[in-house]
Amino acid sequence: MKNKMLSQSVADNILSMITIEKRFSAGDKLPNELDLSEELNVSRTTLREAIRILVAYDILEIQRGKGTFVTENALKQPQDLAPLSDLKINAKDLYEMRLIFEPEAAYFAALRGTDAEIKRILDYGKKIEDEILGHKDRTDNEHAFHKAIAQATHNEFMNKLMPILYQAISKGVVLSRQSDKAIKDTVTDHRMIMEFLEQRNAEGARNAMRIHIMHAMKELDIQ
């Protein structure tokens, strides 16, 4: 709990640098991890967790190989971040949205997706697994994985829902840092979803996606 509170406090400090001190503007790159952790007098692990929180709130974005940057939305954010307890409350509603839509998306993706679309889903799933096993941030590829499933439904409105579902996925990635079992379940569940999609087993894909989301809700304590 202490570590959670510390990373939340560091996230608030970085947000203040952006919104109050005006040290960074939209598009600016943050100082490197070593310098920023020394300035804030925290470990690099705590700093990384704080950055993940800010990524989930769309205040920062991580560009692979380039660094961490302030988003266009950063200055539109309230000046205080909600604590992780509020993050869970908000995540509950968002995960219920996922539970309503994503199992059906997986069902129709298995039926309608082209071979190329199914392959794209499987490729993103493999990247996520590699990132989990390598203890790397997987948010971008989680978004891409679920978006690829939505695209494979060939349903225009499913694609339009994705920005809302991204919020749930981002919050889930942040919260899963607190639960080793949630991370392990993600690997197992994704493999099951991918296997049924590859087999074009629509019912299996639907059930696998439902199990995946229900696992996350249970392990992240957002039921």
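Every number here is computed from the coordinates shown, using simple stated rules; none is lab data. Model, not experiment: these values are computed from the prediction. Ideal geometry is used to build each Cβ from the backbone, glycine not excepted, and the neighbour counts take in all protein chains shown.
For the residue pairs 126/218; 119/147; 147/171; 66/160; 127/147, alpha carbon separations beyond 20 Å are given by 126/218; 66/160.
Using every Cα-Cα pair within the range 2-76, state what percent have a distance larger than 19 Å. Summing the P(r) of the range 2-76 above 19 Å gives 25 percent of all pairs. Near residue 100: Cβ cut-off under 12 Å, other residues only, Lys/Arg at +1 and Asp/Glu at -1. The net charge is -2.
Measuring between their Cα centroids, the range 119-155 and the range 32-58 lie 25 Å from each other. Ordered from longest to shortest, the equivalent ellipsoid semi-axes for the range 110-223 are 22, 15, 14 Å, each the square root of 5 times a Cα gyration tensor eigenvalue.
Helical runs (DSSP H, four residues minimum) scored at -39500 (n - 2.57) apiece and divided by the length of the chain put the mean residue ellipticity at 222 nm at -24000 deg cm²/dmol. Each label was represented as a point 7 Å from its Cα along the Cα-to-Cβ direction; for residue 135 and residue 218 these points are 2.8 nm apart. Take each peptide in 164-172, 186-194, count the other Cβ atoms within 10 Å of every residue, and average; sorted highest first, the result is 164-172, 186-194. Helix 2-19 and the long axis of the chain differ in direction by around 70°, with both axes built from C-alpha atoms. Only residues of the range 110-136 count here: report those whose backbone N is under 18 Å from the spot 7 Å along Cα→Cβ of residue 187, or say none. Residues 123-136 fall inside that zone.
Suppose R0 equals 25 Å. What FRET efficiency, 1/(1 + (r/R0)^6) with r the Cβ-Cβ distance, do residue 201 and residue 126 give to the nearest 0.05? Working shown, then result.
Details: r = 19 Å, r/R0 = 0.77.
FRET efficiency, residue 201 to residue 126: 0.85.
The Rg/Rh ratio for the chain is 0.99, where Rg is the radius of gyration of the alpha carbons and Rh is the Kirkwood radius. Set the Förster radius R0 to 25 Å, insert the Cβ-Cβ distance between residue 73 and residue 179 as r into 1/(1 + (r/R0)^6), and round the FRET efficiency to 0.05. It comes to 0.35. In terms of packing, defined here as the mean over residues of other Cβ atoms within 10 angstrom, the peptides 108-117, 202-211, 18-27 line up highest first as 202-211, 108-117, 18-27. At an R0 of 41 angstrom, the distance between the Cβ atoms of residue 28 and residue 111 translates into a FRET efficiency of 0.35.
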